[in-house]
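No lab work stands behind these numbers, since they all come straight from the coordinates. Keep in mind that this is a model prediction, so the values were computed, not measured. All Cβ positions, glycine included, derive from the backbone under ideal geometry; neighbour counts span all protein chains shown.
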Amino acid sequence: MKILVTGSAGHLGEALMRTLRARRIDAVGVDVLDSPFTDIVGSIADRGVVDHAMRGVTAVLNAATLHKPHVATHSRQAFVDTNVTGTLNLLEAAAVNRVDAFVYTSTTSSFGDALTPPRGAPAAWITEDVIPIPKNIYGVTKVAAEDLCQLFHRNQKLPCLVLRTSRFFPEGDDVPTMRDGWDDDNLKVNELLYRRVDVEDVVSAHLCALEKAAALGFARFIVSATSPFARADAAALGLDAPRVLEHRVPEFASIYSARGWKMLPTLDRVYVNDRARAQLGWRPQYDFRRALAAIAAGADWRSPLAREVGSKGYHRAAAASA
């Protein structure tokens, strides 16, 4: 097996490369940025780069992307070039080379306006059946790339699985009021309840997808930490999230109080990972309860892999992670 990892200098790309190398799996990393995990420096928007990178490859993990924070710094055309044209180049080369599996890293941000119910309304219960309503060029291009994956499965019989990952980056929140109003660890642990996932669990989901792609053919999956909430909690979460959490995870109150932390007053959505766990055999480890136990023990709530990859930022180059 030889695996191509795109975006190898980014958060997920590096995490994938670290894991594959540790398991002695032959992997080649491609990115526009040079790094210890990048074997080929170049853009997936360049078909020549893609054809070179694809030689001898039996599976593709396409993690290269322009992210939501790039909306403020990059043109809409740059998003199309990397997220759409780049994915098309990879799919065409993968079909020609008859790879065994193609895994596309998408995003829960693609759901867009489906994630924002009116204030006081029930939290949106987000499963794969929710129809995306993209609200920026990032979401539009990620959905377009997902559809390309579906098209290549339909017409070229290429096994393609799409993983819509929730937040796993360690940088501060991109919303100033959230970034400035909360302790960073407090906010991120809160997010494990409904919209965050540890990068080590994202990596394990990708490896599960490689194993299941041939059998499943095409499917989309939400990859987010397992939430302690049930669908019946949605209405109350939109009104008083701390009260619901006290019911579901009673020990949180004393642990938070000891650190001077606070729970978000309401939640607007909950990402549901049931389908990924059932169909991929994925077993995420880093959820809210595990984070609480780590905090109570005075330990780091993040995975070892997340700590190793660390923070990268998003704007080191004009076409970062392309």
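Please compute the modelled spin-label separation between Arg307 and Arg76, points set 7 Å along Cα→Cβ, answer in nm with one decimal.
That separation, rounded to one decimal, is 4.5 nm.
I need Thr73, Thr6, Thr19 ordered by Cβ neighbour count within 10 Å, fewest first.
Details: Thr73 12, Thr6 30, Thr19 19.
Going from least to most buried by this count: Thr73, Thr19, Thr6.
At a Förster radius of 41 Å, what calculated FRET efficiency corresponds to the Cβ-Cβ distance of Glu171 and Ala215, to the nearest 0.05?
Values: r = 36 Å, r/R0 = 0.88.
Computed FRET efficiency for Glu171 and Ala215 comes out at 0.70.
Under 22 Å Cα to Cα from Lys135, which lysines show up? Leave out anything in the same chain fewer than 8 places away.
Lys68
What dipole magnitude, in Debye to the nearest 20, does the chain give about its Cα centre under +1 on Lys/Arg Cβ and -1 on Asp/Glu Cβ? Don't jump to the answer; show the numbers that get you there.
On the way: 38 positive and 36 negative charges, 95 e Å.
Dipole size: approximately 460 debye.
Give the list, by residue number, of cysteines in the chain with no other Cys Cβ closer than 4.7 Å, or say none.
Cys208
Which of the GluC sites (Glu not before Pro) across the range 123-172 are loop residues per DSSP, with 10 or fewer other Cβ within 10 Å?
Numbers: sites: Glu128, Glu146, Glu171; in loops: Glu128, Glu171.
Hits after loop and neighbour filter: nothing returned.
So which of Lys2/Lys312; Lys157/Lys312; Lys142/Lys312 end up more than 31 Å apart by C-alpha? Please report the intermediate quantities before stating the final value.
On the way: Lys2/Lys312 27 Å; Lys157/Lys312 36 Å; Lys142/Lys312 21 Å.
Exceeds cut-off: Lys157/Lys312.
What is the extension gain from Ile255 to Asp39, computed as 0.36 nm multiplied by their sequence separation minus the C-alpha to C-alpha distance, in nm to one decimal? Display every interim value, and only then the final one.
Working: separation 216, 0.36 × 216 = 77.76 nm, distance 4.45 nm.
Length gained between Ile255 and Asp39: 73.3 nm.
Please list, or write none, the aspartates and glutamates whose alpha carbon is within less than 15 Å of the alpha carbon of Lys188, excluding same-chain residues fewer than 8 places away.
Glu171, Asp173, Asp174, Asp180, Asp198, Asp287, Asp300
Quick one: length gained pulling Lys135 to Arg119 fully straight, 0.36 nm per residue minus the C-alpha distance? Intermediate results must be reported in sequence, preceding the final value.
Numbers: separation 16, 0.36 × 16 = 5.76 nm, distance 1.86 nm.
Extra length available between Lys135 and Arg119 comes to 3.9 nm.
So which trypsin sites (Lys or Arg not before Pro) in the range 220-322 end up in coil per DSSP with only 12 or fewer other C-beta atoms within 10 Å?
Numbers: sites: Arg220, Arg231, Arg243, Arg248, Arg259, Lys262, Arg269, Arg275, Arg277, Arg289, Arg290, Arg302, Arg307, Lys312, Arg316; in loops: Lys262, Arg302, Lys312, Arg316.
Answer in residue order: Arg316.
Report the FRET efficiency, 1/(1 + (r/R0)^6), for Asp184 and Val96, where r is their Cβ-Cβ distance and R0 is 56 Å, rounded to 0.05. Walk me through the numbers before you get to the answer.
Details: r = 45 Å, r/R0 = 0.81.
Computed FRET efficiency for Asp184 and Val96 comes out at 0.80.
So, with +1 on the Cβ of K and R and -1 on the Cβ of D and E, and no other charges, what is the size of the charge dipole of the range 105-169 about its Cα centre, to the nearest 20 debye? Numbers along the way, then the final one.
On the way: 7 positive and 5 negative charges, 26 e Å.
The dipole magnitude comes to about 120 debye.
Tell me the GluC sites (Glu not before Pro) within the range 204-259 that lie in a loop according to DSSP and have at most 13 other beta-carbon atoms within 10 Å. Could the numbers behind the result be given before it?
Working: sites: Glu211, Glu246, Glu251; in loops: Glu251.
Filter output for the range 204-259: Glu251.
Only residues of the range 44-88 count here: report those whose backbone N is under 18 Å from the spot 7 Å along Cα→Cβ of Arg154, or say none.
88
In degrees from 0 to 90, rounded to the nearest 10, what is the angle of the helix 137-156 Cα long axis to the longest principal axis of the chain?
The answer is roughly 50 degrees.
Given only helices, namely DSSP H runs of n ≥ 4 each adding -39500 (n - 2.57), what is the per-residue ellipticity at 222 nm of the chain, to the nearest 500 deg cm²/dmol?
Here the helix-only value at 222 nm equals -11500 deg cm²/dmol.
Work the Kirkwood hydrodynamic radius out for the chain: mean of 1/r over every pair of different alpha-carbon atoms, inverted, in Å.
Details: mean 1/r = 0.0501 Å⁻¹.
Computed over the chain, the radius equals 20.0 Å.
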